[in-house]
Amino acid sequence: SSGINAEYGACSNWKRILLRLNNVTDEGKLSWPHNFADFRRLADLPRSEWRRVLQDYGYYKFAFVRNPWTRLISAYVDRFTRHDKWWYGYIQKTEGRRMIQNYRPGASEIEVTAATDVRFSEFVQDILAHQKKAPNGLVATNLNEHWNAQFYIAGLCHPWIQYDFIGRYEELDIASLSIFRHVGLPSNLDSFPRPDRDSSTVRRAAIEYALLDSTLLRNLTLQLAPDAHMLGYKPPGALAHILPTP
């Protein structure tokens, strides 16, 4: 089987499962299953082989997606506010400094260099700026994969990829068991707790989206609309009264 995950759609759990299926027992690798060297990826194959693998019915192909509004908040919180994470310094230098410099009028040199307090509004403005440069008006191919459109990342519109199963992060516990059964894996291979629909992420989303000015909020809603429409998502209930109709 092969799986494709939109970032912030439980990708760590699935990577950990793949490692266990390859008899990896190293707790260090299992606790942080993001080393590319531990996996065989499409990118490791000759380009001529990609299409064969993607169209081979011998592979069970599945993907997991997430509500685009809460996924965006999750990406922002995890990448720009979690100072304890190993990746924070890298994101700070590669993304945070640019966002503050470009979208914070009067930002001091200290603020830009430190980049420790990227605001959600600055994060959104950077996404929209990339969007305007997108050649097809739908996706900016140079956006960070943690907040780029899921239908683009997973190739959901690509004629070469015919998925056997597309699951939702919000139904992760049930959907994962369905995949386990289909490919003959034990149900206790890994645990997927059911995400709480009224979680702190949804509550944080309600706060952050409410703080955006009306123009920014409308433009972001339009930007997320293709993902939401294609994946069948509506804003969480806590956001319904905040977001404009795209």
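Between residue 157 and residue 26, what's the calculated FRET efficiency when r is the beta-carbon distance and R0 is 35 Å? Round to 0.05.
Taking R0 as 35 Å, the efficiency between residue 157 and residue 26 is 0.40.
Residue 164 to residue 52: extension gain in nm, 0.36 nm per residue of separation minus the Cα-Cα distance?
Result for the pair: 38.7 nm of gain on full extension.
Points 7 angstrom from Cα along the Cβ direction at residue 60 and residue 200: gap in nanometres?
Spacing of the two 7 Å Cα→Cβ label points: 3.4 nm.
Work out how much length residue 207 to residue 230 would gain on full extension: take 0.36 nm times their residue separation and subtract the Cα-Cα distance, in nm to one decimal.
Length gained, residue 207 through residue 230: 5.7 nm.
Calculated FRET efficiency, residue 222 and residue 112, Cβ-Cβ r, R0 30 Å, to nearest 0.05?
0.55
Suppose the chain between residue 12 and residue 142 were pulled fully straight at 0.36 nm per residue; how much longer would it get relative to their current alpha carbon spacing?
Contour length minus the Cα-Cα distance gives 44.5 nm.
Values in this text are rule-based calculations from the coordinates and carry no lab data. These numbers come from a predicted model, not from an experiment. When we count neighbours, we look across all protein chains shown, and the Cβ atoms used for this are built from the backbone with ideal geometry, even at glycine.
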